[in-house]
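First the structure, in the form of structure tokens, and then the observations on it.
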Amino acid sequence: MSDPVKRLSYIDTLRGYAILMVIAVHTSQAFSDLPKSLAMILNQGARGVQLFFVTSALTLSMSWVSRKESALAFYSRRFFRIAPMFWLAIPFFVWLNGTGPSLYAPDGIGIRHIAMTAMFVHGFWPDTITSVVPGGWSVADEVIFYALFPVMVPALLQASWRSLITVMVVAVVLGAQVSRLLDGFSDVLPASAQGVAGEYFSLWFPRQLPCFIFGVALFKFSAEQYKVSESFAKSVCVLAIALIFAFPFLEGIKYMLPLGLATSYGIAFSLFAFSLMYWRTSPLIGNTVIWIGKVSYSAYFVHFAVLHYLPPLRPTGLPSINFAIMYAAVIISTVSISSITYLFVEMPMIRLGSRIIESRRSLPIQPAEA
């Protein structure tokens, strides 16, 4: 049975740009001599994760409405989508990086860290959220969103726009304020958690929740079939890109508003997604970035390994050129390896999950016993 949800090119495009941003920031960390302005822009490549969150919520809302599946089918589909690659990443990175003390696990990695990560509950404690698998915090937040999805998202889609906007504002303010409040009381945590508490409260789910809500709102807008002209979509695209490149130089503004950079970028990325949703002929949508988007989940893990084994390339005396060469090498290597894992790990497991879901549907309903 064919997948009832049509894969839309702009969705994969968004994922493609998200992973390119993430690769950019991690590649740039090998170069301490980049021009300050370029370094500031590249440093915010970390916000590509927020673009993933917006895109994920948009796509899952679309899928949920189209498939009309039960919560069990939803959870099954998500499990087979994310678990295989993540479970492969756990032993690989434990082997690669070892279990000694690290930035995110000051006392080292033990059975508790590995077990919590394997069970997808690593997002509930500071020294486990991203210590076993590099970047694993994003998977932790995604899984929490999945857990809430069957209840939260239908309610948001059925709400009025006034109610939805109110929820957005509350999520933004509470996420920021509660994070700051708890961070202030981090001294009550065990010593192993205190050192990473500040980072934890910037990565944990409540701080990222607004980005997921933005994605749901995008789908709600598209589902209600408002007419949007292509010229307006182009204007929104220009605005979104301008904001994305301006934010690195306006970091101080986050102290004027209770937003923070993650939410600010979430808004800009939502505008960007909106523009591509209605500007389907955009030159920003192309076969290369679409394929990068398709393999982006594998690439999220693979690029850390590529950066570990690929030494910084410095063929010239120009830092910016050296970075560009290194960045291209990391992208080519990452996409090449990720294409293999996508085709031989991700896709077979996705198909297996779909077959299991379909087999459950085909089971005959047994009459209730008297």
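The values are calculated or read from the model by the stated rules, or taken from the named source; none is laboratory data. All figures in this text were calculated on a predicted structure; none of them were measured in a lab. Cβ atoms come from the backbone with ideal geometry, glycine included; neighbour counts cover every protein chain shown. Areas reflect the complete protein model, heavy atoms only, side chains present, ligands, DNA and RNA absent. Shrake-Rupley method; radii C 1.70, N 1.55, O 1.52, S 1.80 Å.
Limiting things to C-alpha atoms, what are the Rg and the maximum Cα-Cα separation (Dmax) for the range 1-86, in angstroms?
Rg, Dmax (Cα atoms, Å): 17.0, 54.
Using only alpha carbon pairs under 8 Å that are at least six residues apart, calculate the relative contact order of the chain and give it in whole percent.
Taking the mean separation of contacting Cα pairs over the length of the chain, I get 28 percent.
Does the chain come out rounded, prolate or oblate, given a ≥ b ≥ c as the square roots of the eigenvalues of its C-alpha gyration tensor, rounded meaning a/c under 1.5 and, failing that, prolate meaning a/b above b/c?
rounded
What whole-number value in Å² describes the accessible area per residue of the chain for a 1.4 Å probe?
Per-residue accessible area for the chain comes out at 48 Å².
What percentage of the solvent-accessible surface of the chain, computed with a 1.4 Å probe over protein heavy atoms, is contributed by carbon and sulfur atoms?
C and S atoms contribute 68 percent here.
Just subtract the alpha-carbon distance of ARG314 and ARG162 from 0.36 nm times their residue separation and send over the number in nm, one decimal.
49.4 nm
P(r) for the range 1-157: what percent of alpha-carbon pairs falls in each 5 Å bin, starting at zero?
2, 8, 14, 17, 18, 16, 12, 7, 4, 1, 0
Suppose every K and R has +1 on its Cβ and every D and E has -1 on its Cβ; what is the size of the dipole of the range 9-139 about the Cα centre, in Debye to the nearest 20?
Computed about the Cα centre, the dipole is about 440 debye.
I need the calculated FRET efficiency for the pair PHE185 and SER231, taking r as the beta carbon distance and R₀ as 51 Å, to the nearest 0.05.
FRET efficiency, PHE185 to SER231: 0.50.
Convex hull over the alpha-carbon atoms of the range 52-120: what's its volume per residue in Å³?
For the range 52-120, the hull spanned by Cα atoms encloses 106 Å³ per residue.
Taking chymotrypsin sites (Phe, Trp or Tyr not before Pro) that fall in a DSSP loop and have at most 15 other Cβ atoms within 10 Å as cut points, what is the longest piece of the chain between them?
Between the exposed loop sites, the longest stretch runs 1-184.
Which is farthest toward the positive dipole end of the chain among ALA147, LEU271, PRO106, measuring Cα position about the Cα centre, with Cβ charges +1 (Lys, Arg) and -1 (Asp, Glu)?
Most positive-ward Cα: LEU271.
Could you compute the net charge surrounding GLY100? Neighbours are other residues with a C-beta less than 15 Å from the C-beta of GLY100; K and R count +1, D and E count -1.
-2
Give the Rg (one decimal place) followed by the Dmax (whole number) of the range 157-294, computed from C-alpha coordinates and expressed in Å.
Over the range 157-294's Cα set, Rg and Dmax evaluate to 17.8, 56 Å.
Please find the FRET efficiency linking VAL178 to LEU88, where r is the Cβ-Cβ separation and R0 is fixed at 25 Å, and quote it to the nearest 0.05.
0.15
When only DSSP loop residues count, what GluC sites (Glu not before Pro) in the range 267-370 have their Cβ near at most 16 other Cβ atoms within 10 Å?
GLU369
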